[in-house]
Structure formats: structure tokens, C-alpha cells
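See structure below.
The values are calculated or read from the model by the stated rules, or taken from the named source; none is laboratory data. Only a predicted model underlies this, so the values are computations on that prediction, with no experimental measurement involved. Please note: Cβ atoms are built from the backbone with ideal geometry, for glycine as well, and neighbour counts cover all protein chains shown. The protein model used for the area step is the full one, side chains on, heavy atoms only, and it has no ligands, DNA or RNA in it. Shrake-Rupley method; radii C 1.70, N 1.55, O 1.52, S 1.80 Å.
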Amino acid sequence: MAFSASIIADSVSPAGARLTTMEVTLPRIVLSEFNTHRMFSRNSASSRAIPVAKRIAQVLSDPFIPTYWGANQKGMQAEASLAHAEAERAERVWRQALDSATRSAEDMEAIGAHKQLANRLLEPFMWQTIIVTATEWANFFALRDNEMAQPEIREAARLMRAAYNGSTPTLVQMGEWHLPLIQPEERDGVFEHT
């Protein structure tokens with residue numbers, strides 16, 4: 001995977017109210033920050049739903065590895081990056097943690113522990129795909145597509161803003177519906193305006 005954001009459905013009412021649904025992929029480590037935005041209606045894959053062996057294979061084939069290694073300082077932002085040698089060491093330590101987490105998840109599975117626990121060990125290295133719908137995006141973009149935001153959520157927000165700004169909403173008349181995951185061949189008239 002990698003960072004991504006794409007519009008699934010973009011609707012606007014005759015009164016000008018816009019409702020947009022996106023599919024977004026970002027590192028699992030910033031999911032809690034994403035979820036603090038209460039104006040979003042969202043759903044994403046659960047760590048409890050995917051078998052441990054499959055999740056381990058996903059993490060090993062495409063782990064999340066940070067690309068920015070911020071230097072420790074007071075406050076919430078790492079304004080300066082680590083020097084080159086320290087950044088290389090930080091990445092090695094991250095990859096060691098990945099190896100340890102996958103071995104531990106395998107051990108948990110061998111013990112017979114449920115995937116809802118074993119998969120949690122893998123979360124720092126996972127990509128998360130989210131379906132998100134909202135009418136209000138400005139606050140999110142202002143806070144997260146911002147130099148003060150953590151780089152991982154900032155990259156996702158930058159892609160989301162570009163997708164949003166590049167989309168033209170479809171007019172949805174009164175009695176019609178915003179149906180982001182319903183395919184044209186699935187529409188049997190139940191959701192159509194009569």
C-alpha cells in the first residue's frame with residue numbers, strides 16, 4: 001500500500017450542501033488522530049477481522065516504515081530531523097521492532113491466542129484503509145494539512161485535500177440519495193426518486 005486518497009462519491013444538494021465520501025489509506029499509527037475529527041462518518045478494517053497469518057504476510061510484504069525521523073524536543077512537533085546516521089539507526093531499530101512484532105504475533109497464534117490480540121502487536125507497522133464521509137472538511141484540512149501536523153497524517157490530509165478540490169460533485173435532487181458504495185448495476189430502483 002501507500003498513502004492514497006480517492007473520491008468514491010461526491011454529491012451536492014440543490015441548496016448547495018456538499019457530501020463527499022473518500023477512501024483513504026494512511027499508517028495505522030495516526031488512526032487515533034484521524035478519529036478525533038467528529039464531523040467524519042467513517043469505517044475501517046478491524047484488526048480483529050483478519051487472520052493473523054494473513055495480517056503478518058501483509059505487514060511483511062508492505063510494512064509502514066516512517067520516512068521522516070524527527071529529533072526529540074519539547075512539544076508535539078519534531079521540527080528538526082535526526083542527522084543522517086541517527087536516522088539510519090532509527091530505521092534499523094524500527095525494522096527490528098517489526099521483526100520482533102511479527103515473531104511475537106506468530107508465537108501468539110501458536111499459543112492459540114485470538115487474532116484480536118495477536119494482530120494488535122502488528123499495528124504500528126500496518127496501513128489502514130478508511131471510508132470517510134463528511135459535509136465539512138475545512139477544519140480537518142486546516143489542522144492536518146499543516147506543517148505543525150505529524151508528517152504521516154499531513155501526507156494523508158494533503159492527498160485528501162487534492163482529491164476533494166479536484167472533484168466535481170454530482171447534483172442530487174430531493175428524494176435522491178448519496179450512495180457511495182452502491183454500484184450502478186446494484187440499483188434496483190429502491191433508492192431512486194419516484
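Give, in nm to one decimal, the length gained when the segment between residue 143 and residue 103 is fully stretched (0.36 nm per residue of separation minus the Cα-Cα distance). The partial results should precede the final answer.
Values: separation 40, 0.36 × 40 = 14.40 nm, distance 3.70 nm.
Stretched fully, the residue 143-residue 103 segment lengthens by 10.7 nm.
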Exercise for review: Please quote Rg/Rh for the range 111-167 to two decimal places, taking the Kirkwood radius as Rh and restricting both calculations to Cα atoms.
Suggested key: 1.15
Practice item. Could you please state how large a percent of the accessible area of the range 1-43 is carbon and sulfur, counting protein chains only and using a 1.4 Å probe? Key: 50 percent
Exercise for review: Provide the percentage of antiparallel DSSP beta bridges, counting only those with both residues in the chain; round to the nearest 5.
Suggested key: 90 percent
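For the range 71-118, which whole percent of the accessible surface, found with a 1.4 angstrom probe, sits on carbon and sulfur atoms? Could you put the intermediate results ahead of the total?
Values: 1840 of 3600 Å².
So the carbon and sulfur contribution to the accessible surface is 51 percent.
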Study note, to complete from the structure: In cubic angstrom per residue, the convex hull of the range 18-126 built on its Cα atoms measures 142 Å³
Revision key, fill the gap. Residue 181 and residue 15 label points (each 7 Å along its Cα→Cβ direction) are spaced in nm at 2.7 nm
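Which number comes out as Rg/Rh for the range 65-127 once both Rg and the Kirkwood Rh are worked out on C-alpha atoms?
Working: Rg = 15.1 Å, Rh = 13.4 Å.
Taking Rh as the inverse mean 1/r over Cα pairs, Rg/Rh reads 1.12.
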**Study point:** Built amide H within the under 5 Å cut-off of residue 127, gap 5+
**Key:** 28, 64
Practice item. At 1.4 Å probe size, with every protein chain present, just tell me what the per residue accessible area of the chain comes to in Å². Key: 59 Å²
Review point. Separation of the range 134-183 and the range 86-123 by C-alpha centroid, Å?
Key: 33 Å
**Study point:** the chain: angle of helix 84-111 to the longest principal axis, Cα-based, in degrees nearest 10
**Key:** 80 degrees
Review point. Over the chain, what number does the Rg to Rh ratio reach, with both radii from the alpha-carbon atoms and Rh per Kirkwood?
Key: 1.05
**Study point:** Longest DSSP-loop-exposure-free segment, GluC sites (Glu not before Pro), the chain, at most 14 other Cβ within 10 Å
**Key:** 1-78
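Are there chymotrypsin sites (Phe, Trp or Tyr not before Pro) in the range 1-74 that DSSP puts in a loop and that have at most 15 other Cβ atoms within 10 Å, and which ones? Don't jump to the answer; show the numbers that get you there.
Values: sites: 3, 34, 40, 64, 68, 69; in loops: 3, 40, 64, 68, 69.
In loop regions of the range 1-74 (DSSP not H, G, I, E or B), the sparsely surrounded chymotrypsin sites (Phe, Trp or Tyr not before Pro) are 68.
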